[in-house]
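The structure under discussion appears below in the form of structure tokens.
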Amino acid sequence: MKFPCFRKLAGADTLYAIEGPRHVMEWQPMGDSKWLIHKHYASDYPRYQWIQELLHEEGEAKAISQEEWQVSLARRTGSEDAENIPQVLSDWSFKANTTFGVDATAKRAVEVESDADVRWVLEQTREAELPLLVLGGGSNVLLHNNWNGLVLKMAMKGVQVLSDDGRELDVVVGAGEGWHEWVMHALDEGWNGLENLALIPGSVGASPMQNIGAYGVEVKDRFLWLEAIHQETGALERFDFARCEFGYRDSIFKQAERDQWVIVRVAFRLDREAPLQTEYGAIQQELQACNVESPSHRDVAEAVMRIRTSKLPDPSVLGNAGSFFKNPILDSVLFDRVKQHHPHVVHYPLEDGRFKLAAGWLIDQAGWKGHRRNRCGVHDRQALVLVNYGGATGQEIWSLAQDIIADVQTKFGVQLEPEVNQIQG
Ligand SMILES: Cc1cc2nc3c(=O)[nH]c(=O)nc-3n(C[C@H](O)[C@H](O)[C@H](O)COP(=O)(O)OP(=O)(O)OC[C@H]3O[C@@H](n4cnc5c(N)ncnc54)[C@H](O)[C@@H]3O)c2cc1C
């Protein structure tokens, strides 16, 4: 079944747009010229059942076409949204819109600001049989070639408090909000818990994709749910924590459901009294160095920002996408074998008995740190980061990455995996 589907109540003007198996927008006539608009989300069985009945025309509401729905909606005010069509751009540059700064273009690109825009784009790509690439801030992608399809650039904004008990609050944020800007906004409001994730580039919508993490905190620690539109059916669905299958830099959206969904909003549970997490990395030393004795959440964010700025290259100066590789996770047998030959290998024991190795250490020990190959290379302060010195193609950077993977495999018997999404075009 394709979504949205449209229904009209027999003998009345009430209209419904069914956006997914659990989401319905209802337009109820108010006086002669206005609509009262309700957004229904079926979080319990009776409401789910009601949507199913609406869907299968088991009640008094009958199916109408999108055209009939638009005509009915336009009879009253407040219907302009149905007519708004987003602008399609041609020969769109990835150089200006991704942090690696690779010179590649997309045939078409559209900035989307609403669920309706997303559905419109999905329809266009289906009709024109164009491949679709969903993009947020472009800080975790490497384009190997030009993109012979359409880029859906997420620009949906908005921050809305759903509930607040005086201490904890649930907040839903548009997928197109900048991640760092959102973290700063939350701190300004006294909504805490995300401070260790300050200064991570990119968008809110991409944050659950790889379960972004830094300094001992991951987005999953404050995640409540997200809503996403299915690329094939147009259905809007809600993903709770369990359904996202979060892992280390991983989620269902990078695995079984890869390229199936457009994430449109993410909800977080924040806590005004969230415990501070300062044990990880150099946060405590940084706070001490600045003579901060009883740090606030904002102090922790600022310490994290100073550490990150001193360690990581600024993409506006030197093209990069942060850590290019994930830290490999080894079972105890393989780990013992590595440790036997390399007793100083940097590692972290995990709760499940496995071991996480520092990929940066492996790459450094293999002799790649600071290595330059023509227009790209390995950063001289952080071996995990591959950099574009200017003019490097995606294929040059990928070829360097492959040589590093092969060399680490030969020297340590450990397989590195890229964290950055490889886009073949
Ligand atoms: C300097 C630097 C430092 C970094 N540090 C960290 C760090 O500390 N921790 C960390 O975890 N990451 C880090 N990153 C990686 C990156 O910032 C994150 O992965 C971020 O979440 C990517 O967001 P984005 O909006 O730029 O995603 P994009 O690069 O635009 O997209 C990434 C992937 O997500 C998909 N996608 C994007 N938006 C959506 C959406 N709305 N719906 C469906 N799919 C979508 C894209 O198709 C793509 O596959 C760093 C990157 C840089 C450049």
Item to complete: Any chance you could count how many residues in segment 386-416 are touching a Pro at 6+ places or on another chain (Cβ under 7 Å) and away from the ligand (no atom under 13 Å from the Cβ)?
Response: 4
Item to complete: Just give me the residues in segment 215-252 being at positive phi and within 11 Å of the ligand (Cβ to nearest atom), in sequence order.
Response: TYR215, ARG249
Item to complete: Among what's in segment 256-277 and is over 20 Å from SER203 (Cα atoms) and of a type in the set (A, V, I, L, M, F, W, C), pick the residue that is surrounded by the most Cβ atoms within 10 Å (Cβ to Cβ).
Response: ALA274
Practice prompt. Please identify the pairs in which a residue from segment 224-241 that is touching a residue at least 40 places away in the same chain (Cβ under 8 Å) has its Cβ atom under 7 Å from the Cβ atom of a residue that is surrounded by fewer than 17 Cβ atoms within 10 Å (Cβ to Cβ) and among the hydrophobic types (A, V, I, L, M, F, W, C), counting only partners at least 6 apart or on another chain.
Written response: THR233/MET1
Worksheet entry | Residue pairs meeting the criteria (Cβ under 9 Å; at least 6 apart or on separate chains; first acidic (Asp, Glu), in segment 22-51; second at pLDDT 80 or above) | GLU26/THR14; GLU26/LEU15; GLU26/TYR16; GLU26/ALA17; GLU26/HIS40
Item to complete: Pairs only if they're at least six apart or on different chains, beta carbon under 9 angstrom, first in segment 325-344 and within 26 Å of TRP398 (Cα to Cα) and not assigned by TED's automatic domain parsing to the domain that holds VAL414, second small (Gly, Ala, Ser) and part of a strand (DSSP E or B); list them, first residue then second.
Response: none
Discussion item. Please go through segment 251-282 and give me each residue that is in contact with a Phe, Trp or Tyr (Cβ under 6 Å, 6 or more places away or on another chain) and within 21 Å of PRO208 (Cα to Cα), ordered by number.
Written reply: ALA267, LEU270
Worksheet item: So HIS40 fits all but one of (1) in a strand (DSSP E or B); (2) exposed (fewer than 13 other Cβ atoms within 10 Å of the Cβ); what number is the exception?
Response: (2)
Item to complete: Working only within segment 210-219, note down all residues that are of a type in the set (A, V, I, L, M) and assigned to a loop (DSSP other than H, G, I, E, B).
Response: ILE212
Discussion item. Among the residues of segment 264-302, what is the count of those that are within 16 Å of the ligand (Cβ to nearest atom), under 14 Å from VAL183 (Cβ atoms) and small (Gly, Ala, Ser)?
Written reply: 1
Discussion item. Please go through segment 373-385 and give me each residue that is surrounded by fewer than 14 Cβ atoms within 10 Å (Cβ to Cβ) and within 14 Å of the ligand (Cβ to nearest atom), ordered by number.
Written reply: ARG381
Worksheet, complete the sentence: The condition from (1) in contact (Cβ under 8 Å) with a residue 24 or more places away in the chain; (2) within 13 Å of the ligand (Cβ to nearest atom); (3) among the polar types (S, T, N, Q) that GLN255 misses is numbered (1)
Fill in: Residue count, segment 349-372 (criterion: more than 16 Å from the ligand (Cβ to nearest atom) and either outside any loop (DSSP other than H, G, I, E, B) or in contact with a Phe, Trp or Tyr (Cβ under 7 Å, 6 or more places away or on another chain) (or both))
9
Worksheet item: Residues in segment 160-209 that are assigned to a loop (DSSP other than H, G, I, E, B) and either within 12 Å of the ligand (Cβ to nearest atom) or surrounded by fewer than 22 Cβ atoms within 10 Å (Cβ to Cβ) (or both): how many?
Response: 19
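The values are calculated or read from the model by the stated rules, or taken from the named source; none is laboratory data. Keep in mind that what you see is a predicted model, and the values were worked out from it rather than measured. All Cβ positions, even for glycine, are placed from backbone atoms using ideal geometry, and neighbour counts span all protein chains on display.
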